[in-house]
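Supplied in structure tokens, the structure appears directly below.
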Protein chains: 2
Amino acid sequence: MTPAGGAPATLRDVAERAGVSMATVSRVLADNYPVAQRTRQRVLRAIKDLDYVANTHARALRGRGTPTVAFVLNDVRGASFASVAHGVEEEAARRGRICLICTTQGDPERELSVVRTMREQGAGAVILIGGVVDDAAYRSQMTAIAHSLDASGSRLVLCGRPPLGEGVPATVVEYDNEGGAYAVVSRLLVQGHRRILFLGAAANGSTTAAGRLAGYRRALADHGVPADDSLVTAAEFSRVDAYDKLSARLRAGRDFTAVCAVTDTVAAGALAALGDHGLRVPEDVSLTGYDDVDPATDLRPQLTTVHVPYEEVGRTAVRLALGLREGEVSAAAQHAVLGTHMVIRDSTAPLARPAPSAG
Amino acid sequence: MTPAGGAPATLRDVAERAGVSMATVSRVLADNYPVAQRTRQRVLRAIKDLDYVANTHARALRGRGTPTVAFVLNDVRGASFASVAHGVEEEAARRGRICLICTTQGDPERELSVVRTMREQGAGAVILIGGVVDDAAYRSQMTAIAHSLDASGSRLVLCGRPPLGEGVPATVVEYDNEGGAYAVVSRLLVQGHRRILFLGAAANGSTTAAGRLAGYRRALADHGVPADDSLVTAAEFSRVDAYDKLSARLRAGRDFTAVCAVTDTVAAGALAALGDHGLRVPEDVSLTGYDDVDPATDLRPQLTTVHVPYEEVGRTAVRLALGLREGEVSAAAQHAVLGTHMVIRDSTAPLARPAPSAG
DNA sequence: GGGTGGACAGACAACGTTTTCTGAAATGGG
DNA sequence: CCCATTTCAGAAAACGTTGTCTGTCCACCC
């Protein structure tokens, strides 16, 4: 109500105005101790008059822990990350927490420093999302972080990344990369395709790309189609790079009848490249995506893809991590693998003619 | 290094291990006071050994203010919001701040409570983004919030909303809604269109929709085309609702030759609806969007739209608010209006035939 | 050699809460 | 009517920092 004159009101100000001690005010706020009706009213009145808001930091300092969930991702603009963020935000809000959010632009070093900041902040959970280069350095650093967060009463959550190993205090929420790719490539094979380009193998070896590539390879093997590494094309997970890489490839001649893109965004780039080279989808080339993100709804033809429950990933991450601290989720349940499923739309079709040869 | 056994190490622990006082450790960290080389080394060593991380809350409590920027939006999944968020995050990171993020799902009441939480957190700036119903209740509540944040050493920033009035301590970053709509509708008029449907007038009267609608109306007036309110169609800012509303309209008969959609997302829904009714864009119907967001890149035909510098909006918001506190931006410069410009692509074409009549 | 000042380090009081621990009324039972 | 018990309220000690206020020691100059 009253626009405070100078500094914000403190507990002491409220206490003085209500003519009680600070302890009493605190107890009215916490509501965990008997306070006489009359006194309570006076205190509430004073709180309103002074527009008092409790200082979170003082509270956190005394009471250990903060009402915060930290969320670290590559880029807020990514379509799938937005869904995860939404899930995280939703579940966090449901539990009266707010979200800290930081982006790393894919730089592992930046990720480390950001997590450090999050730890300083004393967030209740620190959620890391997105594939990563799974090397020894990463594992050892992440393991150290997991222990250090654990000691601070916080919890590390890895989304879309492999577990760090037994005894490491971290929650893991995975989704099936290998199975979805297997399903979608199998379908292409059943439709008669033999030369299937995999677009989006990450140069740096991100686990997401690796999992999907593994599904692609297993499907080929199971159908007795010899693997041809010249069909595995590297590209970043971006529309532009996908467009560029596939365009370059097409200029050199088309030696495939289908494209399995590593994400829907990559598929969007691929679709544009194919179109610009006069190729129709699915008549000339079949195309599949991965992620089933919202913006892909407007691609024409509509994309055959793999649905990944990203919102659920976000919700689960928060639920497991916070639930553990609050005793409602067991320590044994701290590793979830969410299922994915193929969504058949219009971008795939049976092979019409025998596969053309290169050149 | 050493995975801490129990509670996280404090300044006192470090001081003890290094055999110095807490003050000395603090000074090594702050680096604003002479400390002997030898002592400094010992302290740094102890910090590393104990994996010490300073407690942000204690720091904030003592030093007033936190390294945080709060960001309140409707939905993280919105395409334009993602860009603003990116701009905010980028500029905040550049200044060593981290982002708190909260969503409100468009509920003004929720927005109020969220801002309250942000204030408790002691964020350096609280950034509100997105159109709003500009009524008396909103203005008075927001004005109170502005004062209360100001008193706490924080700063309210309104993005894409009108200023609250003289003397209210708030930063405003607007972008031109009226002008962009004027430009794009003028172009349609020049191309011969007379029956132009405005799709996405907000039922609740959001300022964004209102501004764009005003531009639409002014363009019509300036070209001597009588306004026909039956051409102004309400729809939420979502793909699905746009699709539904336009489909319903088309089922009742087409009495327009062009559609001016209030956002690119709405345009995407419109495009789908038109396509499903056998109408080609731009041959049968011209279509324009607004926002020029990334995902719209994949619409076919490519959208004629209005570019809004959303990332710049986010960056400016942070720069102005934080710059004011740090004395690098003047109080007079706390109101920015960013320009928008038309981007002509393939979804608009000159009117081929005389406009059909309704029914 | 005494005085002056610079370079360093420690003690201690905040910051705004929460939570004991204590104490004073009020209440009730014998 | 007195003692035991309950019900409420206050004093004060934390929580982990930072900055101010004092010192101490040493070097240097006259």
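Take the residues of region A:32-49 that are assigned to a loop (DSSP other than H, G, I, E, B) and within 12 Å of DNA strand D (Cβ to nearest atom): which is nearest to A:ARG62 (Cα to Cα)? Give the steps one after another, and end with the answer.
In the first step, residues of region A:32-49 are kept if they are assigned to a loop (DSSP other than H, G, I, E, B); the result is A:32-36.
Retained after the next criterion (residues that are within 12 Å of DNA strand D (Cβ to nearest atom)): A:33-36.
Working: A:TYR33: 18, A:PRO34: 21, A:VAL35: 22, A:ALA36: 25 Å.
If we take residues in region A:32-49 being assigned to a loop (DSSP other than H, G, I, E, B) and within 12 Å of DNA strand D (Cβ to nearest atom), then A:TYR33 is nearest to A:ARG62 (Cα to Cα).
Provide a single number: the residues in region A:98-114 that are more than 9 Å from chain B (Cβ to nearest Cβ) and surrounded by 23 or more Cβ atoms within 10 Å (Cβ to Cβ).
The qualifying residues number 1.
Follow-up. Test of understanding: among B:VAL262, B:VAL293, which residue is within 20 Å of A:THR297 (Cα to Cα) and in contact with a Leu (Cβ under 7 Å, 6 or more places away or on another chain)?
Details: B:VAL293 fails: in contact with a Leu (Cβ under 7 Å, 6 or more places away or on another chain).
After ruling out the rest, the residue left standing is B:VAL262.
Hey, another quick one. Please work out which one of (1) in contact (Cβ under 8 Å) with a residue 40 or more places away in the chain; (2) within 13 Å of chain A (Cβ to nearest Cβ); (3) farther than 17 Å from B:GLY130 by Cβ; (4) touching a Gly at 6+ places or on another chain (Cβ under 7 Å) is the condition B:VAL240 fails and give its number.
(1)
Follow-up. Name every residue in region B:49-74 that is more than 16 Å from DNA strand C (Cβ to nearest atom) and within 7 Å of chain A (Cβ to nearest Cβ), in order of residue number.
The answer is B:ASP51, B:VAL53.
Picking from A:VAL184, A:VAL240, A:VAL281, A:VAL266, which residue would you name as being hydrophobic (A, V, I, L, M, F, W, C) and outside any helix (DSSP H, G or I)? Walk me through how you get there before you give the answer.
Numbers: A:VAL184 fails: outside any helix (DSSP H, G or I); A:VAL240 fails: outside any helix (DSSP H, G or I); A:VAL266 fails: outside any helix (DSSP H, G or I).
Just a single option satisfies the conditions, and that option is A:VAL281.
Given B:ALA261, B:ALA210, B:ALA234, which one is buried (at least 22 other Cβ atoms within 10 Å of the Cβ) and either farther than 20 Å from B:ASP284 by Cα or at pLDDT 95 or above (or both)?
B:ALA261 is the lone residue from the list that is buried (at least 22 other Cβ atoms within 10 Å of the Cβ) and either farther than 20 Å from B:ASP284 by Cα or at pLDDT 95 or above (or both).
Which one is surrounded by the fewest Cβ atoms within 10 Å (Cβ to Cβ), of the residues in region B:75-89 that are of a type in the set (A, V, I, L, M, F, W, C) and more than 8 Å from chain A (Cβ to nearest Cβ)?
First, pick out the residues of region B:75-89 that are of a type in the set (A, V, I, L, M, F, W, C): B:76, B:79, B:81-82, B:84-85, B:88.
Now drop any that are not more than 8 Å from chain A (Cβ to nearest Cβ), which leaves B:81, B:84, B:88.
Numbers: B:PHE81: 23, B:VAL84: 28, B:VAL88: 31.
Step by step, filter region B:75-89, then rank; the result is B:PHE81.
Pairs please, first residue from region B:103-114 and without any contact (Cβ under 8 Å) to a residue 40 or more places away in the chain, second anywhere and among the polar types (S, T, N, Q), Cβ atoms under 8 Å, 6+ apart in sequence or on different chains.
Listed pairs, sorted by first residue: B:THR103/B:ASN74; B:THR104/B:ASN74; B:GLN105/B:ASN74; B:GLY106/B:ASN74; B:ARG110/B:THR104; B:GLU111/B:THR104; B:LEU112/B:GLN141.
I'm trying to understand the selection: among the residues of region A:50-77, which are within 21 Å of B:ARG77 (Cα to Cα), in contact (Cβ under 8 Å) with a residue 40 or more places away in the chain and part of a loop (DSSP other than H, G, I, E, B)?
Across region A:50-77, the qualifying residue is only A:ASN74.
Only one residue in B:ALA123, B:ALA58 is over 27 Å from A:ARG94 (Cβ atoms) and either within 16 Å of DNA strand D (Cβ to nearest atom) or more than 17 Å from the chain's Cα centre (by Cα) (or both). Which one? Write out each step before concluding.
Details: B:ALA123 fails: over 27 Å from A:ARG94 (Cβ atoms).
One residue alone meets the criteria, B:ALA58.
Is it true that some residue in region A:165-181 is within 14 Å of chain B (Cβ to nearest Cβ), more than 30 Å from B:VAL84 (Cβ to Cβ) and among the hydrophobic types (A, V, I, L, M, F, W, C)?
Yes, region A:165-181 contains a residue that is within 14 Å of chain B (Cβ to nearest Cβ), more than 30 Å from B:VAL84 (Cβ to Cβ) and among the hydrophobic types (A, V, I, L, M, F, W, C).
Considering only residues that are under 28 Å from A:ALA123 (Cβ atoms) and of a type in the set (Ser, Thr, Tyr), look in region B:5-52 and name the one that is surrounded by the most Cβ atoms within 10 Å (Cβ to Cβ).
The residue in question is B:TYR52.
Which one of A:ALA123, A:ALA92, A:ALA137 is more than 7 Å from chain B (Cβ to nearest Cβ), closer than 15 Å to A:LEU322 by Cα and assigned to a helix (DSSP H, G or I)?
On the way: A:ALA123 fails: assigned to a helix (DSSP H, G or I); A:ALA137 fails: closer than 15 Å to A:LEU322 by Cα.
Selected residue: A:ALA92, the only one of A:ALA123, A:ALA92, A:ALA137 that is more than 7 Å from chain B (Cβ to nearest Cβ), closer than 15 Å to A:LEU322 by Cα and assigned to a helix (DSSP H, G or I).
The values are calculated or read from the model by the stated rules, or taken from the named source; none is laboratory data. Because the structure is predicted, anything quoted here is derived from the model rather than measured. Neighbour counts are summed over all protein chains in view; Cβ atoms, including those assigned to glycine, are modelled from backbone coordinates with ideal geometry.
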